[in-house]
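K.L.:
One structure follows; several queries about it will come next.
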Amino acid sequence: MFGLEIIILIGLLFVAWMIYGQMREQRMKLSRMWIVPAFMVLLSYPSLTKLPLHNFFNIFVLLIAGGVGAALGVVREVFKKISVNKVAGEILVKGTPIGLFLWFGAIIFERYIKDLLQKSKGIITPEILAPALMVFSLSAVIARRVYLYRKYLKTES
């Protein structure tokens, strides 16, 4: 019983740390904002080259996953407080309660969709499920950076 309490406590501390990370102000240097997306694409490259593009349905699923991921990434950024310091070449991003809710919603959505699709009777196969979730995540991260970069470009000095 004591071990289960420790695991629950560690889980709660992890969630609290993640909430803190989402709600604190983060400085993002324009010169470095593309490092994380580039690193994610680099790590995903071997899988991206093996995407199952052999039929229209798989292509459709991957396009939908990319579109939903990109839309979710932009919506998450819309609900953040964003300020730009062009002199320093940086963007300040601070989470809001609505943005935090969307962040949790995105995690639950991805988990729910994964469970739902795994239970589908052969409509979405494991061959396409993992790549679709990867495309979903990549497109969300890239769309967030594109949104922030456009916000930076539109802001006057």
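K.L.:
Please state which of the following conditions Arg76 fails to meet, knowing it meets all the rest: (1) of a type in the set (Lys, Arg); (2) modelled with pLDDT under 80; (3) under 27 Å from Glu25 (Cα atoms).
P.N.:
(2)
K.L.:
Could you check the stretch 142-157 and list, in sequence order, the residues that are surrounded by fewer than 17 Cβ atoms within 10 Å (Cβ to Cβ) and either within 20 Å of Ser47 (Cα to Cα) or at pLDDT below 75 (or both)?
P.N.:
Glu156, Ser157
K.L.:
Just to verify a result, which residue in the stretch 12-66, among those that are free of Cβ contacts under 8 Å to residues at least 12 places away in the same chain and surrounded by 14 or more Cβ atoms within 10 Å (Cβ to Cβ), is farthest from Lys81 (Cα to Cα)?
P.N.:
My answer is Ile59.
K.L.:
Inside the stretch 41-76, can you point out the residues that are aromatic (Phe, Trp, Tyr) and either touching a strand residue (DSSP E or B) at 6+ places or on another chain (Cβ under 6 Å) or more than 21 Å from Ile113 (Cβ to Cβ) (or both)?
P.N.:
If the condition is that a residue be aromatic (Phe, Trp, Tyr) and either touching a strand residue (DSSP E or B) at 6+ places or on another chain (Cβ under 6 Å) or more than 21 Å from Ile113 (Cβ to Cβ) (or both), then Tyr45 is the only one that fits.
K.L.:
Something else now. For the stretch 67-92, how many residues are of a type in the set (A, V, I, L, M, F, W, C) and free of Cβ contacts under 8 Å to residues at least 60 places away in the same chain?
P.N.:
Keep residues of the stretch 67-92 that are of a type in the set (A, V, I, L, M, F, W, C), which gives 68, 70-72, 74-75, 78-79, 82, 84, 87-88, 91-92.
From what is left, the residues that are free of Cβ contacts under 8 Å to residues at least 60 places away in the same chain are 75, 79, 88.
Looking only at that region, the number is 3.
K.L.:
Is it the case, given these coordinates, that Phe109 is surrounded by 13 or more Cβ atoms within 10 Å (Cβ to Cβ) and either in contact with a Pro (Cβ under 7 Å, 6 or more places away or on another chain) or more than 30 Å from Tyr152 (Cα to Cα) (or both)?
P.N.:
no
K.L.:
Further question on the same structure: List pairs: first in the stretch 123-134 and small (Gly, Ala, Ser), second part of a helix (DSSP H, G or I) and buried (at least 19 other Cβ atoms within 10 Å of the Cβ), Cβ under 8 Å, 6+ apart or cross-chain?
P.N.:
That search, which allows pairs on different chains as well, returns Ala132/Val61; Ala132/Leu62; Ala132/Ala65.
K.L.:
A further question follows. Just name the residue that is modelled with the lowest pLDDT out of those in the stretch 122-140 that are surrounded by fewer than 16 Cβ atoms within 10 Å (Cβ to Cβ) and aliphatic (A, V, I, L, M).
P.N.:
Checking each candidate, the answer is Ile123.
K.L.:
Based on this model, can you work out whether Leu92 counts as surrounded by 16 or more Cβ atoms within 10 Å (Cβ to Cβ) and under 26 Å from Thr155 (Cβ atoms)?
P.N.:
On the way: surrounded by 16 or more Cβ atoms within 10 Å (Cβ to Cβ): no; under 26 Å from Thr155 (Cβ atoms): yes.
Considered against the rule, which asks whether it is surrounded by 16 or more Cβ atoms within 10 Å (Cβ to Cβ) and under 26 Å from Thr155 (Cβ atoms), Leu92 comes out as no.
K.L.:
Is there a residue in the stretch 79-87 that is farther than 30 Å from Lys154 by Cα and exposed (fewer than 14 other Cβ atoms within 10 Å of the Cβ)?
P.N.:
Taking every residue of the stretch 79-87 in turn, none turns out to be farther than 30 Å from Lys154 by Cα and exposed (fewer than 14 other Cβ atoms within 10 Å of the Cβ).
The values are calculated or read from the model by the stated rules, or taken from the named source; none is laboratory data. In this text the structure is predicted, and so the values were computed from the model without any measurement. Neighbour counts are summed over all protein chains in view; Cβ atoms, including those assigned to glycine, are modelled from backbone coordinates with ideal geometry.
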